[in-house]
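The values are calculated or read from the model by the stated rules, or taken from the named source; none is laboratory data. Owing to the predicted nature of the structure, the values given are computational and were not obtained by experimental measurement. Here the Cβ positions follow ideal geometry from the backbone for every residue, glycine too, while neighbour counts run over all protein chains shown. Areas reflect the complete protein model, heavy atoms only, side chains present, ligands, DNA and RNA absent. Shrake-Rupley method; radii C 1.70, N 1.55, O 1.52, S 1.80 Å.
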Amino acid sequence: MDDILSLLCTCVERGKVNRKSPHPADLRDHDGADELTKKAVEMGIAPQTILQDGLIRGMHTVGERFRNKQIFVPDMLMSARAMVSGMEHLKPFYISNAIQTKGTMIIGTVKGDLHDIGKKIVAMMITGAGWNVVDLGTDVPTDKFIQALKEHPNAVVGLSALLTTTMLNMEQTVAEIKKMSSTTKVIIGGAPVTKEFALKIGADAYSPDPQGAVEFLNALPARTN
Amino acid sequence: MNPVIEIGITAEEIEKRRLRVQKAKRFETPDRIPVIPAIAHRFLVPKTGIRFKDYYSDPETMLRAQLLSQKWLMENIRTDAHSITGAWVGAWTDFQNTFEAGSLGCEIHFFDDDIPWVGEGWIKTDSDLRKLEKMDFIHSGINAKQLLYREAMIAVAEKYPVRFLGGEIFYPGMNPNLTHTSDGPFGIAGDLMGQVEAFEAVIERPDFLRELLHIIIDKMIEYLDHCWKVEKLPVPKDFAWTDDLAMSLSAEQYRDVVLTEELRLRNHFDGYLSMHMCGKTDHLLKIFADELRINEYQGFGYQVDLDLVSEVMGGRVVLVGNVDPMLIYSGTPEEIRQATRTVIEKLGPKRGLIIQDGSNISPGTPLENINAMMEAAELYGRYE
Ligand code: B12
């Protein structure tokens, strides 16, 4: 059992999606995260264990390597793809409650801002840490965040901005969110954002990288969706 | 006789700045380290009271806004900038980051009070590559518009005479630049495929991506030759380009898919080569210096390690950077002076330094913060 989960973990770390995928070259014609997760389920391994010791463990290493600049955006995206392909086989267990998500994160790039890549990576890392993620995309007006929060009242909100001009839109969005629900946690990020700015606009946290966002979320008290 | 746009800087001062910058670019010793904040039109055009809607819809308004912008810049910003004409400065057909994708099949969205955005990418398959190959990059989309705007600017050039104090009258609109490069080869691939798809292709479909980049470079070279002809630009050819999106590749990935094609572009130019890349590019510095053999690294990101860039490029690549634009936006003048001082102390001794932000001053940045860079150069950047 350890064996298959270690292999699964390696597939996530190295971005091996499925048997067909040619990458990485030395794993050509091997099973990928897709097949291995399916097999693990068929072997009767507890879905929560597959998630935790295979997919989440793999994504954790990926996050650390990305933070330390040992891997870059393309590798990160491939790892995320591998993770998602495994997740597909675990979906039924979320529905039957055999797997509990740690909570929901609503994430989006704020109004006026089209930068998507960084936010997407954060979303993938958070998914890969066992959270349910609602990605609202880019150029997201405050209303849309509020609407999503009504649908997921216990969710944490993540805001991304890559422009100094649109970063200012975060202030209003945070204020509206806090006005609606003062206990909702908001984490912000994106290249121009700083810890001081987060403090100033009343956000609860800032992280320069996805791993920091995962650490923040995991430190929160357990919550339901 | 049309009223002359008088710019409140003496011609003599302009000449002094030119010499100072020229010396820095030759690794000689100017009186002090030059400072040129990077202030683009998203900052400047609103200063003229002209809306982006009008700026983009009428070439004469574009030209007028550019000249008034440059007047505002020269009179309000402490800078060693010494030319108000040329691409990315003034008197140019300014479609910035949209012209490549916007002439290769992507839709461009224009707004009343914002700069234009590039729409969705469309290249997915080999047959899309064949379609791309057949496209006329020079005469379609935004590039067709650029040619029209250039003609229209030339037609009204005489209505806009400009003069520095005590200098000769000149007409910037007489030979407006076309936009030469903006998004860079990998950046254009990102526009055309979708950025995430382009990153995935680096790993999953490197051959496809190489082919796409090859076509892009062919088109860029053809287009640039055309620009040189139309604008009667001098030979040897100086060239400035950027490839911001490639910052997110590892050195191996960059070398594997992007470098070969960028070298074709690089080798097409025999003059002074300036490259720009935002962000943390420590891992690419050696490639830029040794393999791409750039002459200048312009507006490099504030995240770049100063000791490393000095070691790898100092004394042989002109360094233009790299004060944190977010600090300039929200810090105090003293913090900015000290940050500038650090750049001067680390990069000044080997010569070839021009202080700039790293990169792109944001709209809304207080003037005293921008000008603090010059104050630091005067305080800490004098060579004698
Ligand atoms: C790619 C890109 C684009 C693409 C975006 C495509 C896409 N689908 O995302 C396009 C071409 C659309 C674009 C457009 C523009 N861009 Co742009 N763009 C970039 C570029 C090259 C890379 C950004 C990126 O993807 N980085 C990689 C990712 C992985 O990093 P990241 O985004 O920082 O995200 C990480 C962290 O910040 C953090 N993070 C991000 N979000 C969040 C959220 C949370 C909650 C947390 C915890 C963490 C977190 O984690 C991420 C992963 O590590 C940067 C320059 C650069 N090299 O950085 C400029 C840059 C951001 N763009 C810039 C500008 C000015 C523009 C434009 C205005 C036009 C122009 N002149 O370039 C337009 C604006 C359009 C708009 N309204 O948004 C400037 C911003 C300057 C400023 N501070 O204001 C930059 C810095 C370039 C520059 N110096 O000119 N751009």
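Being surrounded by fewer than 16 Cβ atoms within 10 Å (Cβ to Cβ), over 30 Å from B:Ala40 (Cβ atoms) and in contact with a strand residue (DSSP E or B) (Cβ under 8 Å, 6 or more places away or on another chain) holds for only one residue in A:Asn154, A:Asn132, and it is A:Asn154.
Tell me, which residue of region B:45-60 that is hydrophobic (A, V, I, L, M, F, W, C) and within 15 Å of the ligand (Cβ to nearest atom) is surrounded by the fewest Cβ atoms within 10 Å (Cβ to Cβ)? Looking at the filtered set, the residue picked out is B:Phe52. Within region B:323-364, being among the hydroxyl-bearing types (Ser, Thr, Tyr), touching a Pro at 6+ places or on another chain (Cβ under 8 Å) and either at pLDDT 95 or above or over 19 Å from B:Lys47 (Cβ atoms) (or both) holds for one residue alone: B:Ser359.
If only residues of region A:1-17 that are without any contact (Cβ under 8 Å) to a residue 60 or more places away in the chain and acidic (Asp, Glu) are counted, the one that is nearest to the other protein chains (Cβ to nearest Cβ) is A:Asp3. Among the residues of region A:65-89, how many are surrounded by 20 or more Cβ atoms within 10 Å (Cβ to Cβ) and either within 14 Å of another protein chain (Cβ to nearest Cβ) or within 16 Å of the ligand (Cβ to nearest atom) (or both)? The total comes to 15.
Would you say B:His214 is in a loop (DSSP other than H, G, I, E, B) and touching a helix residue (DSSP H, G or I) at 6+ places or on another chain (Cβ under 8 Å)? No, not satisfied. In the condition set (1) modelled with pLDDT under 95; (2) in contact with a Leu (Cβ under 7 Å, 6 or more places away or on another chain), A:Phe93 is compliant with all but (2). Being modelled with pLDDT under 95 and more than 23 Å from the chain's Cα centre (by Cα) is a property that holds for B:Glu204. Just one of the listed residues (A:Val110, A:Val62) is open to solvent by less than 10 Å² (accessible area, probe 1.4 Å), aliphatic (A, V, I, L, M) and assigned by TED's automatic domain parsing to the domain that holds A:Val140, and it is A:Val110.
Please determine whether any residue of region A:18-40 is in contact (Cβ under 8 Å) with a residue 60 or more places away in the chain and either more than 14 Å from every other protein chain (Cβ to nearest Cβ) or polar (S, T, N, Q) (or both). Yes: region A:18-40 contains one or more residues that are in contact (Cβ under 8 Å) with a residue 60 or more places away in the chain and either more than 14 Å from every other protein chain (Cβ to nearest Cβ) or polar (S, T, N, Q) (or both).
Screening B:Ile370, B:Ile328, B:Ile361 for residues that are part of a loop (DSSP other than H, G, I, E, B), within 14 Å of chain A (Cβ to nearest Cβ) and under 20 Å from B:Ala81 (Cβ atoms) leaves exactly one candidate, B:Ile361. Here the condition is being within 21 Å of the chain's Cα centre (by Cα) and either within 14 Å of chain A (Cβ to nearest Cβ) or among the aromatic types (Phe, Trp, Tyr) (or both); of B:Val320, B:Val304, it holds for B:Val304 alone.
Residues in region B:132-150 that are open to solvent by 30 Å² or more (accessible area, probe 1.4 Å) and either touching a Phe, Trp or Tyr at 6+ places or on another chain (Cβ under 6 Å) or free of Cβ contacts under 8 Å to residues at least 12 places away in the same chain (or both): 3 in all. Only residues that are more than 20 Å from A:Ile126 (Cα to Cα), more than 13 Å from every other protein chain (Cβ to nearest Cβ) and surrounded by fewer than 22 Cβ atoms within 10 Å (Cβ to Cβ) were counted across region A:176-204, and they come to 8.
Per the listing A:Val122, A:Val157, the residue uniquely aliphatic (A, V, I, L, M), in a helix (DSSP H, G or I) and near the ligand (Cβ under 10 Å from one of its atoms) is A:Val122.
Residue-level analysis places A:Gln147 among those that are more than 23 Å from B:Val118 (Cβ to Cβ), outside any strand (DSSP E or B) and more than 19 Å from the chain's Cα centre (by Cα). Residue count for region A:166-175 under the criterion of being within 10 Å of chain B (Cβ to nearest Cβ) and open to solvent by 50 Å² or more (accessible area, probe 1.4 Å): the result is 1. Close Cβ contacts (under 7 Å, 6 or more residues apart or on different chains) running from residues in region A:110-122 that are without any contact (Cβ under 8 Å) to a residue 40 or more places away in the chain to residues that are open to solvent by 40 Å² or more (accessible area, probe 1.4 Å) and more than 6 Å from the ligand (Cβ to nearest atom) comprise A:Leu114/A:Thr138; A:Leu114/A:Asp139; A:Asp116/A:Thr138.
When B:Asn295 is tested against (1) over 30 Å from A:Leu199 (Cα atoms); (2) modelled with pLDDT of 95 or more; (3) over 18 Å from the mean Cα position of the chain (by Cα); (4) not aliphatic (A, V, I, L, M), just one condition goes unmet, and that condition is (3).
Rundown of residues vs (1) open to solvent by 10 Å² or more (accessible area, probe 1.4 Å); (2) within 11 Å of the ligand (Cβ to nearest atom), yes/no style:
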| residue | (1), (2) |
| --- | --- |
| B:Asp305 | yes, no |
| B:Val309 | no, no |
| B:Met313 | no, no |
| B:Val317 | no, no |
| B:Val323 | no, no |
| B:Gly331 | yes, no |
| B:Arg341 | yes, no |
| B:Glu345 | yes, no |
| B:Gly358 | no, yes |
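Within region A:174-196, restricting attention to residues that are within 12 Å of the ligand (Cβ to nearest atom) and part of a helix (DSSP H, G or I), the residue that is nearest to A:Gly108 (Cα to Cα) is A:Val174. Here B:Ala198 clears all of (1) open to solvent by 30 Å² or more (accessible area, probe 1.4 Å); (2) within 14 Å of chain A (Cβ to nearest Cβ); (3) assigned to a helix (DSSP H, G or I) except the condition numbered (1).
Restricting B:Arg26, B:Arg18, B:Arg42 to those that are open to solvent by 40 Å² or more (accessible area, probe 1.4 Å) and under 18 Å from the mean Cα position of the chain (by Cα) reduces the list to B:Arg42.
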